[in-house]
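For reference, the structure is listed below as structure tokens.
The values are calculated or read from the model by the stated rules, or taken from the named source; none is laboratory data. Note that this is a predicted model, so its numbers are computed, not measured. Here Cβ is always computed from backbone atoms with ideal geometry, including for glycine, and neighbour counts include all displayed protein chains.
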Amino acid sequence: MSFVNPQFFWALIIPFVIFAFLISTNKERLSRVFDEKVLKRLSAADEGMPMVVRNILMLLAIFLMIVAMVRPVVEKGDKKVEVQGLTLLTALDISGSMRSKDVYPDRLTFAKTKMSQFFDAMPSDEIGVVAFAYSPFVLAPFTADKETLKMMVEGVDDSYINMGSTDFSALGELASNLLEEKKPKILVLFSDGGDEEAIAGFADILKSNDIDLYVVLVGTDKGAPVIDENGKPLAQKDGTIAITQRNDALGELAKENGGAYVVASNGKEDIQQLVNVIRGKYKNQQQGAVTVKERVEYFYYPLGLGLLFLLISFSSMPRRREV
């Protein structure tokens, strides 16, 4: 037998010994005033439990509770547990074009909603989150806590948006580092796309690192004006309003790299379709084996016995009787 929290014993045993000493040596207040024969007639009835016995039971109850806090266990050795689920890296586009309002209320907010739906559709899987534009960065490490992931994504607002050009190669390098020890390597982008020139280097990085790409495309074919940080349409050098359209080249790249893509729409069918494709391909592959210590807990025995002794000591208080 061993103990899980032995430090509790050494932290509590000294105060317990001091308390037991004070209880055993300290007389009741009445015994300091009345003669022993007079006190006997004033205090306990014949059926009352002697004070010494009651104190012993109370101290024994406290000691057993301390033992319960230490958590006695019997170790049965290590056990390997297979952890089910996938590990995925998701990426949220925060480039300037994500301010456009061709989807309600804007592309960034719509993409965040789709990410939350994706998290809900994969409850037992570990997911990490990065944001990307000119320079990608980690928003949340890999975790199965979907509520935390949704909170982190929800915190991405307009102030995060970068008007610089999107560097997909930098995103690919970051993804390859984060997914280096993962198998399979899955990257899911939530973006309004990118042109063939911008994603050329990105494709090479994905192929060289065996990363499967999946894309949720946000925006419309018609497009909408690019909005600046002041909420006004951005004008080009010739004075015309800059229009940004959804570019499906990123989706085609996903298909070429063994993945798939969907165009985000209202409802949850699009995300569920993508999740079905992912689960169908990997058939819920295991993340690996985790070694855990198998043990049998025995803390409830001293705890139950301690509570019983405490109940007896309090229920057997001597009753006063009239003279």
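Is there any pair linking a residue in the stretch 1-23 that is assigned by TED's automatic domain parsing to the domain that holds residue 59 and among the acidic types (Asp, Glu) to one that is part of a helix (DSSP H, G or I) and modelled with pLDDT under 85, with Cβ under 6 Å and at least six apart or on different chains, and which?
Here the result reads none, with nothing in the stretch 1-23 linked to a residue that is part of a helix (DSSP H, G or I) and modelled with pLDDT under 85.
Mind listing whichever residues of the stretch 99-137 are closer than 14 Å to residue 267 by Cα and either of a type in the set (Val, Ile, Thr) or part of a loop (DSSP other than H, G, I, E, B) (or both)? Can you show your working first?
Initial filter on the stretch 99-137 (closer than 14 Å to residue 267 by Cα): 103-104, 110-118, 120-121.
Residues satisfying the conditions are 103, 104, 113.
Name the single residue, out of those in the stretch 169-216 being basic (Lys, Arg) and within 30 Å of the chain's Cα centre (by Cα), that is farthest from residue 129 (Cα to Cα).
Keep residues of the stretch 169-216 that are basic (Lys, Arg), which gives 182-183, 185, 207.
Filter once more, keeping what is within 30 Å of the chain's Cα centre (by Cα): 182-183, 185.
On the way: 182: 15, 183: 17, 185: 14 Å.
Among them, the one singled out is 183.
Kindly indicate whether residue 31 is in a helix (DSSP H, G or I) and either at pLDDT below 90 or basic (Lys, Arg) (or both). Write out each step before concluding.
Values: in a helix (DSSP H, G or I): yes; either at pLDDT below 90 or basic (Lys, Arg) (or both): yes.
Taking the combined requirement at face value, the residue satisfies it.
Out of 93, 120, report the one residue that is surrounded by 20 or more Cβ atoms within 10 Å (Cβ to Cβ) and either without any contact (Cβ under 8 Å) to a residue 60 or more places away in the chain or in contact with a strand residue (DSSP E or B) (Cβ under 9 Å, 6 or more places away or on another chain) (or both).
Numbers: 120 fails: surrounded by 20 or more Cβ atoms within 10 Å (Cβ to Cβ).
Of the residues listed, the single one that is surrounded by 20 or more Cβ atoms within 10 Å (Cβ to Cβ) and either without any contact (Cβ under 8 Å) to a residue 60 or more places away in the chain or in contact with a strand residue (DSSP E or B) (Cβ under 9 Å, 6 or more places away or on another chain) (or both) is 93.
Take the residues in the stretch 204-230 that are in contact (Cβ under 8 Å) with a residue 40 or more places away in the chain and under 18 Å from residue 158 (Cβ atoms); name whichever of them is surrounded by the fewest Cβ atoms within 10 Å (Cβ to Cβ).
Just the residues of the stretch 204-230 that are in contact (Cβ under 8 Å) with a residue 40 or more places away in the chain, to begin with: 206-207, 211-220, 222-229.
From what is left, the residues that are under 18 Å from residue 158 (Cβ atoms) are 218-219, 224-229.
Numbers: 218: 29, 219: 25, 224: 21, 225: 17, 226: 21, 227: 22, 228: 15, 229: 12.
Among them, the one singled out is 229.
Scanning for something surrounded by 18 or more Cβ atoms within 10 Å (Cβ to Cβ) and of a type in the set (A, V, I, L, M), does the stretch 190-198 turn up at least one residue?
no
Within 20 Å of residue 214 (Cα to Cα), in contact with a Leu (Cβ under 8 Å, 6 or more places away or on another chain), assigned by TED's automatic domain parsing to the domain that holds residue 231 and assigned to a strand (DSSP E or B): which single residue out of 140, 175 fits that description? First the steps, then the outcome.
Numbers: 175 fails: assigned to a strand (DSSP E or B).
Of 140, 175, the one residue that is within 20 Å of residue 214 (Cα to Cα), in contact with a Leu (Cβ under 8 Å, 6 or more places away or on another chain), assigned by TED's automatic domain parsing to the domain that holds residue 231 and assigned to a strand (DSSP E or B) is 140.
Of the residues that sit in the stretch 84-98 and are assigned to a strand (DSSP E or B) and of a type in the set (Val, Ile, Thr), which one is nearest to residue 160 (Cα to Cα)? Can you show your working first?
In the first step, residues of the stretch 84-98 are kept if they are assigned to a strand (DSSP E or B); the result is 87-93, 95.
Of the ones still in play, those that are also of a type in the set (Val, Ile, Thr) are 87, 90.
Details: 87: 26, 90: 17 Å.
Among residues in the stretch 84-98 that are assigned to a strand (DSSP E or B) and of a type in the set (Val, Ile, Thr), the one nearest to residue 160 (Cα to Cα) is 90.
Condition first: in a strand (DSSP E or B), touching a helix residue (DSSP H, G or I) at 6+ places or on another chain (Cβ under 8 Å) and modelled with pLDDT under 90. Now tell me which residues in the stretch 215-250 satisfy that.
So in the stretch 215-250, the residues in a strand (DSSP E or B) come out as 215-217, 224-225, 227, 233, 235, 241, 243-244, 247.
Next cut, touching a helix residue (DSSP H, G or I) at 6+ places or on another chain (Cβ under 8 Å) only: 215-217, 227, 244.
Hits for the stretch 215-250: nothing passes.
Kindly indicate whether residue 76 is closer than 19 Å to residue 274 by Cα and among the basic types (Lys, Arg).
Values: closer than 19 Å to residue 274 by Cα: no; among the basic types (Lys, Arg): yes.
It is false that residue 76 is closer than 19 Å to residue 274 by Cα and among the basic types (Lys, Arg).
Do you know which residues across the stretch 205-241 are touching a Pro at 6+ places or on another chain (Cβ under 7 Å) and closer than 24 Å to residue 118 by Cβ?
Selection gives 212 alone.
Looking for something buried (at least 20 other Cβ atoms within 10 Å of the Cβ), among the small types (Gly, Ala, Ser) and closer than 19 Å to residue 118 by Cβ - is there at least one such residue anywhere in the stretch 272-284?
Checked the stretch 272-284: no residue is buried (at least 20 other Cβ atoms within 10 Å of the Cβ), among the small types (Gly, Ala, Ser) and closer than 19 Å to residue 118 by Cβ.
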